[in-house]
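Heads up, the thing below is written out as structure tokens.
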Amino acid sequence: MTGFQWYKSGNSQGEEGYIISFNYDYDLIEKLKSTIPHNFREWNPDKKHWWVSSYCEKQINNLFPGFLEAVRAQRTLF
């Protein structure tokens with residue numbers, strides 16, 4: 001998979017989480033939708049990215065291996 005990007009951000013209701021974007025991959029999108037409960041994710045069709053709740057960090061890491069290590073590394077920088 002290429003093009004995976006993320007950053008910490010709130011959703012439209014101000015809940016903590018991550019904005020996640022990646023190159024179009026039907027199977028990955030379906031996996032994300034089946035792994036992350038709908039009330040913990042939002043699709044932004046204008047910006048073509050997902051918001052995923054910070055409660056789902058482990059599920060995000062299962063979809064994108066290395067995610068948790070990157071989050072931990074970023075937390076030590078700030």
**Study point:** Count of the stretch 1-12 residues which are hydrophobic (A, V, I, L, M, F, W, C) and either at pLDDT 90 or above or in a loop (DSSP other than H, G, I, E, B) (or both)
**Key:** 2
Exercise for review: Could you list all residues from the stretch 32-47 that are over 18 Å from Q13 (Cβ atoms) and within 12 Å of the chain's Cα centre (by Cα)?
Suggested key: L32, K33, T35
Revision key, fill the gap. Exception for I60 within (1) touching a strand residue (DSSP E or B) at 6+ places or on another chain (Cβ under 7 Å); (2) of a type outside the set (K, R); (3) part of a loop (DSSP other than H, G, I, E, B) falls at (3)
Practice item. Please find, within the stretch 13-26, the residue that is modelled with the highest pLDDT out of those that are farther than 11 Å from L63 by Cβ and not in a loop (DSSP other than H, G, I, E, B). Key: Y26
**Study point:** Every pair of residues 6+ apart whose Cβ atoms lie under 7 Å, when the first sits in the stretch 48-71 and is within 14 Å of L28 (Cα to Cα) while the second is of a type in the set (S, T, Y) and part of a helix (DSSP H, G or I)
**Key:** Q59/T35; N62/T35; L63/T35
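The values are calculated or read from the model by the stated rules, or taken from the named source; none is laboratory data. This one's a predicted model, so the numbers in the text were calculated from it and none came from an experiment. Glycine gets a Cβ as well: all are built from the backbone with ideal geometry, and neighbour counts include every protein chain shown.
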